[in-house]
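K.L.:
This is the structure I have questions about; it appears just below.
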Amino acid sequence: MSSVEFLNLAGTISFGILSLAFFLTIIRIIIGPSLPDRVIALDLLVYIGISYIAVVVIYTGYFLYLDIASALGLVGFLATVAFARFILHRGKTDEPVKKSDKETNS
């Protein structure tokens, strides 16, 4: 087996594994029991997309896609931080909670 054949085989296997990971992550997003699980799954989708781009770069030899992958990584990180802040501050308001409201929520 030559190195070119090995590289093509490795690329095909990588695309298959990444496709399986993509679909399993989509299932986790759909049936995720909580919002943090869905946020983590969305973050994982970003990294799977970056992995697809990396395999395409290796497969085609067109290195311009690496800039797109690094930009996608930065945007994915910022989105994760924004989701984390949303989850942290979800349900918190500036108004103080009344005693009767605490009793009805319990």
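K.L.:
Could you please give the count of residues in the range 56-72 that are free of Cβ contacts under 8 Å to residues at least 40 places away in the same chain, under 26 Å from ASN8 (Cα atoms) and part of a helix (DSSP H, G or I)? Step through it out loud before you land on a result.
P.N.:
Pass one, the range 56-72, residues free of Cβ contacts under 8 Å to residues at least 40 places away in the same chain: 56-57, 60-72.
Right, trim to under 26 Å from ASN8 (Cα atoms) and you get 56-57, 60-70, 72.
Filter once more, keeping what is part of a helix (DSSP H, G or I): 56-57, 60, 65-70, 72.
So the answer is 10.
K.L.:
Check TYR47 against each of (1) closer than 20 Å to ILE87 by Cα; (2) surrounded by 12 or more Cβ atoms within 10 Å (Cβ to Cβ) and name the one condition it does not meet.
P.N.:
(1)
K.L.:
Further, regarding this structure: Going residue by residue through the range 19-36, is there one that turns out to be among the β-branched types (Val, Ile, Thr), in a helix (DSSP H, G or I), over 16 Å from the mean Cα position of the chain (by Cα) and exposed (fewer than 14 other Cβ atoms within 10 Å of the Cβ)? Can you show your working first?
P.N.:
Here is the first cut: in the range 19-36, the residues among the β-branched types (Val, Ile, Thr) are 25-27, 29-31.
Applying the additional criterion that residues be in a helix (DSSP H, G or I) yields 25-27, 29-31.
Narrowing further to those that are over 16 Å from the mean Cα position of the chain (by Cα): none.
Looking through the range 19-36, none of the residues is among the β-branched types (Val, Ile, Thr), in a helix (DSSP H, G or I), over 16 Å from the mean Cα position of the chain (by Cα) and exposed (fewer than 14 other Cβ atoms within 10 Å of the Cβ).
Just so you know, all these numbers are worked out from the coordinates, no wet-lab data involved. Everything numeric in this text was worked out from a predicted model, so none of it was measured. Here the Cβ is made from the backbone with ideal geometry for all residues, glycine too, and neighbour counts use every protein chain on show.
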